[in-house]
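As structure tokens, the structure follows; a few thoughts come after it.
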Amino acid sequence: MNILAFAEQRDGKFKKCAYEVVQAARRAADGLGGTLSVVVIGKNVTSIAPALGAYGATRVIALEDDRLERYSTTAYSKVFSDAAAKESPSVIFFPASQMGKDMAPRVSARLGAAIAADCTAFRIENGDVVATRPVYAGKALVEVKVTTAVKIFSLRPNVFTAAAVGGGAPPVVESVRPALSDADFAAKVTAVKVSEGRPDVTEAAIIVSGGRGLKAPENFKLVEDLADVLGAAVGASRAVVDAGWRPHDEQVGQTGKTVSPSLYIACGISGAVQHLAGMSSSKYIVAINKDKDAPIFQVADYGIAGDVFEILPALTGELKKALGK
Ligand code: FAD
């Protein structure tokens, strides 16, 4: 049985979710008694492929073309699907990252494979993958099996382990130039604006999020100050994004981004079900809210019932001292 995993890289560096997916796919391959092949797509990716060995990759297919330097929905989906058609995998793993969420459904359509998206766990049972997915905005978890011949699973970032295990032999890397024509690029990137400073909410280990309890956009300085001391991303509730206080790419929740950081600090956020849908799988949740009955406290590991305008400066000050900043 062949198992394929997609290892996401950008600018010649693997994303953390690449290691998570490779390690999870290794566990699946071992459990299913299958062979794991990892696919990497980009420019000069053969040179970075050996790094995947520490996470359980024994074979890497590096699909290389200078035109694949930047992500292209159509071209990446095509070259991955073509490689998959050759490898005839039974199971394919993607990250449920921005790129994975964009690519996996297209690959699924091209291969006629059903997909279980945004899985937070899986186990191997009777030679099959049984995956766990949050549904109804995270209110319930379902276990699913995929019944098509090719089965695709996308794995929620930051939920699966990515721990390098030393001593493994480097993987065999096969460098392949995929068949591509300019027509395979439906859109052309003409400029890239790199956001400075803070990490993106979907990739950050720590997120400090603010809601309507901050009262005004300029008060987000308190959230930003705490985020900067912790090297964290800044997140936001929809209420403040809709009000134009914060950009949409910071919105966490059902109609925003799904995040699973190690630490999520919710400041002046009530904890509406649509917000919880995007962050309840965070490892530790800290809530600061002046209403001790706010629903956010039901999911919080640590709660501070108090005023953000007092708590945030005090917390930032103490952390600065503790971290020597
Ligand atoms: P509020 O609910 O107004 O809460 C503000 C909180 O701040 C209160 O709990 C209050 O006690 C506290 N507070 C006030 N002053 C202070 C103070 N000085 N110190 C400390 N605490 C204070 N929401 C999202 O976040 N993300 C989504 O993706 C999303 N998608 C949605 C999709 C749909 C279809 C719908 C219908 C709604 C969606 N919502 C989403 C909106 C959601 O229902 C809530 O309206 C929103 O999350 C509320 O944002 P909030 O917690 O910032 O504001």
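The values are calculated or read from the model by the stated rules, or taken from the named source; none is laboratory data. The shown structure was predicted, so the numbers you read here are calculated from the model rather than taken from an experiment. Because the Cβ atoms are built from the backbone with ideal geometry, glycine has one as well, and the counts that use them run over all protein chains shown. For accessibility, only protein heavy atoms count, side chains too; no ligands or nucleic acids. Shrake-Rupley method; radii C 1.70, N 1.55, O 1.52, S 1.80 Å.
Data overview
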{"read-out": "Mean ellipticity per residue at 222 nm, deg cm²/dmol - from DSSP H runs of n ≥ 4 across the chain, formula -39500 (n - 2.57)", "value": "-8500 deg cm²/dmol"}
{"read-out": "Whole-Å distance, taken between Cα centres, linking the stretch 7-77 and the stretch 143-207", "value": "7"}
{"read-out": "Solvent-accessible heavy-atom area per residue, rounded to whole Å², over the chain at 1.4 Å", "value": "47"}
{"read-out": "Gaussian network model of the chain, springs between alpha carbon atoms under 10 Å - residue of Ala186, Ala75, Ala131 with greatest fluctuation", "value": "Ala186"}
{"read-out": "Cross-link reach list, aspartates and glutamates versus Lys320, counting only Cα pairs under 14 Å and skipping chain neighbours closer than eight places", "value": "Glu224, Asp225, Asp228"}
{"read-out": "Surface share of carbon and sulfur [accessible, 1.4 angstrom probe, percent] for the chain", "value": "52"}
{"read-out": "Antiparallel content of DSSP bridges confined to the chain, in %, to 5", "value": "20"}
{"read-out": "Solvent-accessible surface (1.4 angstrom probe) belonging to Glu174, in square angstrom, nearest 10", "value": "70"}
{"read-out": "Translational diffusion coefficient (Stokes-Einstein; Kirkwood radius from C-alpha pairs) of the chain at 25 °C, 0.890 mPa s, in µm²/s", "value": "117"}
{"read-out": "Burial ranking of peptide ranges 298-306, 249-257 (average Cβ count within 10 Å, highest at the top)", "value": "249-257, 298-306"}
